[in-house]
Every structure is written in C-alpha cells, then in structure tokens.
Amino acid sequence: MDHSAPEERNLTVSRVNETSVIRGIRTEDAEMRKFLFTLGCYEGEEITVISRLADNYVVHIKGARYSIDSELARSILI
C-alpha cells in the first residue's frame with residue numbers, strides 16, 4: 001500500500017480555460033502571500049488560466065483578470 005503524500009500541483013500545470021480550485025499558497029515570502037490575497041487568491045477560491053505566454057499567465061479570479069509571472073503561478077497550489 002502506498003502511503004506517500006498526494007502529488008502537489010501548482011497553477012503551472014493547469015490547462016488554458018480550465019478552472020481549478022485553489023488548495024493553498026506555498027511561499028515563504030510574506031509580501032507575495034499578501035499580494036496574492038489582495039487579488040482574491042486564497043484557499044477554496046476558483047482560478048482559471050485564460051492564457052499563457054512564456055513566463056506570464058493571465059488568470060481569472062473573482063470576476064477579474066490579472067497577469068502573473070511563473071513564480072507567482074508556482075506558488076498557487078491547485
């Protein structure tokens with residue numbers, strides 16, 4: 001029987017136009033955590049990747065669109 005922890009997925013693995021539920025934020029950077037919270041990015045909230053170009057992601061959260069970089073996207077667990 002496998003007792004390993006479930007695989008941790010972040011927003012970078014989400015497909016374009018796929019809605020995911022945020023499971024948490026993984027970062028030691030308090031400012032980054034605070035910034036994501038101000039966007040409405042917190043556990044239980046839905047997030048959709050609208051487009052992805054290089055290291056930039058356009059996401060839809062709580063009725064608004066934001067552009068975030070790959071570092072922010074990696075910190076959002078889905």
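Key figures for this structure:
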item: When residues of the range 60-71 are limited to those that are assigned to a strand (DSSP E or B) and not β-branched (Val, Ile, Thr), the one surrounded by the most Cβ atoms within 10 Å (Cβ to Cβ); result: TYR66
item: Total residues in the range 41-59, condition part of a loop (DSSP other than H, G, I, E, B) and either under 11 Å from the mean Cα position of the chain (by Cα) or among the basic types (Lys, Arg) (or both); result: 4
item: Hey, ARG65 charged (D, E, K, R), in contact with a strand residue (DSSP E or B) (Cβ under 9 Å, 6 or more places away or on another chain) and either touching a residue at least 60 places away in the same chain (Cβ under 8 Å) or closer than 16 Å to ASN10 by Cβ (or both) or not; result: no
item: Where a residue in the range 44-59 is without any contact (Cβ under 8 Å) to a residue 24 or more places away in the chain and surrounded by fewer than 16 Cβ atoms within 10 Å (Cβ to Cβ) and its partner, wherever it lies, is among the aromatic types (Phe, Trp, Tyr) and part of a strand (DSSP E or B), with Cβ under 8 Å and at least six apart; result: VAL58/TYR66
item: Odd one out for ARG33 among (1) at pLDDT 95 or above; (2) surrounded by 14 or more Cβ atoms within 10 Å (Cβ to Cβ); result: (1)
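The values are calculated or read from the model by the stated rules, or taken from the named source; none is laboratory data. Here the structure is a predicted model, which is why all the values come from computation and not from measurement. Cβ: placed from backbone, ideal geometry, glycine included. Neighbour counts: every protein chain shown.
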